[in-house]
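The values are calculated or read from the model by the stated rules, or taken from the named source; none is laboratory data. This is a predicted model, so every value here is computed, not measured. Please note: Cβ atoms are built from the backbone with ideal geometry, for glycine as well, and neighbour counts cover all protein chains shown.
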Amino acid sequence: MTSRAICSTALLFFALTGTAVAQQAPAPAAPAAAAPAMAPASPVVLANSCASCHGVDGKGFAGTKVPAINGRPAQELSTIMKSFKADQVTVTIMNRLAKGYTDAEIDSLAGYFAAIR
Ligand code: HEC
């Protein structure tokens with residue numbers, strides 16, 4: 001067998017086995033179904049996301065510059081949050097965080113913290 005014939009045979013072998021492997025490959029997994037819409041979270045659950053910085057009661061932590069958000073009118077808190085969300089006011093972190101909440105969730109959070117004295 002000439003080296004050219006060996007080469008051709010090898011190419012034919014790889015071409016055939018390559019095809020065979022491709023035919024035996026498992027069918028790709030079906031695309032995952034779209035994630036179901038999240039159920040509306042209770043204000044307490046939503047407020048847990050704020051606790052690391054503002055405290056569980058929204059009163060903040062001594063020695064930090066994170067403002068207290070408890071006991072203020074709900075409308076005021078809601079308006080501030082929405083202005084962060086819309087980048088009407090530019091701050092350090094709240095612009096990014098506020099974008100994670102619907103307006104209804106922001107209203108819910110505002111009501112929750114407003115009620116804590
Ligand atoms: C990673 C820390 C962090 C988390 C988490 C956080 N905040 Fe803030 N928040 C801040 C900081 C810092 C400020 C001051 C503005 C700024 O620099 O972003 C602020 C400001 C605010 C203000 C404005 C208060 C004022 O007097 O102007 C409101 C209202 C507020 N946050 C609500 C929330 C709510 C509601 C959540 C939970 C959904 C939350 N924050 C989560 C750090 C945080």
Quick check on my filter: what residues within the stretch 40-97 are within 7 Å of the ligand (Cβ to nearest atom) and closer than 14 Å to PHE113 by Cα?
LEU46, ALA47, SER49, CYS50, CYS53, HIS54, PRO67, ILE69, LEU77, ILE80, MET81
Selection over the stretch 71-99 where residues are farther than 19 Å from GLY55 by Cβ and either at pLDDT below 95 or small (Gly, Ala, Ser) (or both) yields a count of 3
Does any residue in the stretch 91-117 that is of a type in the set (Ser, Thr, Tyr) come within less than 8 Å, Cβ to Cβ, of a residue that is more than 11 Å from the ligand (Cβ to nearest atom) and part of a helix (DSSP H, G or I) six or more places away or on a different chain, and which pairs are these?
TYR112/VAL44
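Going by what's in this entry, would GLN75 be described as among the polar types (S, T, N, Q) and more than 17 Å from PRO43 (Cα to Cα)?
On the way: among the polar types (S, T, N, Q): yes; more than 17 Å from PRO43 (Cα to Cα): no.
Against the criterion (among the polar types (S, T, N, Q) and more than 17 Å from PRO43 (Cα to Cα)), GLN75 does not qualify.
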